[in-house]
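Peer 1: Would you mind keeping the following structure in view while I ask a few things?
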Amino acid sequence: MAAILLDVDGVLHVSGEPIAGAADAVRRLRAEGHRLRFVTNSTIMSCRQLGDSLRAMCFALDDDELQTTGVVAARVLAGRRVLALTMPGILDDLDGLQLIGMNADAVLVGGCDEGEEPGRVFSYLNLNRAFLELEAGAELYCLHKNRWWQTADGPKLDSGAFVAGLEFASGIDATVLGKPSPEYFAAALEAIDADPELAWMIGDDVEGDVRGAQRHGMRTVLVRTGKFRPDEVEELGVVPDGIVSSLAQLPDWLEANL
């Protein structure tokens, strides 16, 4: 038995298309007694919406097994006035926060997608409003600082570029709430009562998944799907404990290496 954190985008699916064999692999991991937690930096859907979406792809999981950055943000920023530059889909996860348009205690940035209103989240008007709030003393938080994400149409620019712009303009470093922050991994392990040295992180992102988990004392397996790029492994000097073609091969790999 092992405690296993599974990334979602690029590991279970890409742009809503399940990766071949991934759903069967999840079922097998459960049948073999492994404790699972699904961890994602996705900022397009709420936890409930994401759970519904994954179940429609035949992944067997409950909403309370999912950890989204929106849920973490709601806990960290509880009781504060927040200017949120996020996708509308995650507002359910931010329930309980005091979301305002000015005079904020914190600016929260996260979610980059064309959606139905291209440019809405990161319009100049919104970014300038965020900058003015930071100049007035608000703290800067982000759901993640991913530079790009993988879609069926290829890589697309992610919100990390806009976080970096606000950091540059304001001189304020953002607090990252999602992967690869230690707090995010700690919350996931706490939820399944696991110690880092006995847990595995399975992901497609060398920096966010593998390096982040290793810094938290976890073991890691990198999948060759989603964001995987062999040159990044060499460039960053990150050495996962294992590399598999896809999640479909993970149960056999774990059986041979645990």
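Peer 1: Can you report the number of residues in the stretch 163-182 which are in a loop (DSSP other than H, G, I, E, B) and either modelled with pLDDT of 95 or more or open to solvent by less than 50 Å² (accessible area, probe 1.4 Å) (or both)?
Peer 2: Within the stretch 163-182, residues that are in a loop (DSSP other than H, G, I, E, B) and either modelled with pLDDT of 95 or more or open to solvent by less than 50 Å² (accessible area, probe 1.4 Å) (or both) number 8.
Peer 1: If only one of GLU32, GLU17, GLU65 is in contact with a strand residue (DSSP E or B) (Cβ under 7 Å, 6 or more places away or on another chain), open to solvent by 10 Å² or more (accessible area, probe 1.4 Å) and either farther than 23 Å from TYR184 by Cα or touching a residue at least 24 places away in the same chain (Cβ under 8 Å) (or both), which one is it?
Peer 2: GLU65
Peer 1: Can you tell me which condition ASP173 does not meet? The list is (1) of a type in the set (D, E, K, R); (2) under 18 Å from VAL14 (Cβ atoms); (3) free of Cβ contacts under 8 Å to residues at least 60 places away in the same chain, and all the others hold.
Peer 2: Failing condition for ASP173: (2).
Peer 1: Is it true that GLY178 is touching a residue at least 40 places away in the same chain (Cβ under 8 Å) and of a type in the set (Gly, Ala, Ser)?
Peer 2: yes
Peer 1: Pull out all pairs, ordered by first then second residue, where Cβ-Cβ is under 6 Å, the residues are six or more apart or on different chains, the first lies in the stretch 148-159 and is under 20 Å from PRO18 (Cβ atoms), and the second is assigned to a loop (DSSP other than H, G, I, E, B) and of a type in the set (S, T, N, Q).
Peer 2: So the pair list comes out as THR151/SER15; ALA152/SER15.
Peer 1: If you scan the stretch 77-94, which residues turn out to be assigned to a loop (DSSP other than H, G, I, E, B) and either open to solvent by less than 30 Å² (accessible area, probe 1.4 Å) or touching a helix residue (DSSP H, G or I) at 6+ places or on another chain (Cβ under 7 Å) (or both)?
Peer 2: Matches in the stretch 77-94: LEU77, MET87.
Peer 1: In this structure, does ILE100 turn out to be without any contact (Cβ under 8 Å) to a residue 24 or more places away in the chain, surrounded by fewer than 24 Cβ atoms within 10 Å (Cβ to Cβ), within 22 Å of SER46 (Cα to Cα) and not hydroxyl-bearing (Ser, Thr, Tyr)?
Peer 2: Judged against the criteria, ILE100 is a match.
Peer 1: Mind counting the residues in the stretch 131-162 that are closer than 22 Å to VAL71 by Cβ, among the aliphatic types (A, V, I, L, M) and in a helix (DSSP H, G or I)?
Peer 2: The total comes to 0.
Peer 1: Check off (1) more than 30 Å from ARG229 (Cβ to Cβ); (2) among the small types (Gly, Ala, Ser); (3) surrounded by fewer than 13 Cβ atoms within 10 Å (Cβ to Cβ) for ALA74 and give me the number that stays unchecked.
Peer 2: Evaluating ALA74 over (1) more than 30 Å from ARG229 (Cβ to Cβ); (2) among the small types (Gly, Ala, Ser); (3) surrounded by fewer than 13 Cβ atoms within 10 Å (Cβ to Cβ) leaves (3) as the failure.
Peer 1: Of all residues in the stretch 196-226, count the ones that are touching a Leu at 6+ places or on another chain (Cβ under 9 Å), without any contact (Cβ under 8 Å) to a residue 60 or more places away in the chain and open to solvent by 10 Å² or more (accessible area, probe 1.4 Å).
Peer 2: Residues flagged as touching a Leu at 6+ places or on another chain (Cβ under 9 Å), without any contact (Cβ under 8 Å) to a residue 60 or more places away in the chain and open to solvent by 10 Å² or more (accessible area, probe 1.4 Å) within the stretch 196-226 amount to 5.
The values are calculated or read from the model by the stated rules, or taken from the named source; none is laboratory data. Predicted, not measured: the structure shown is a model, and the values here were computed from it. Because the Cβ atoms are built from the backbone with ideal geometry, glycine has one as well, and the counts that use them run over all protein chains shown. These accessible areas exclude ligands, DNA and RNA; they are computed on the full protein's heavy atoms, side chains included. Shrake-Rupley method; radii C 1.70, N 1.55, O 1.52, S 1.80 Å.
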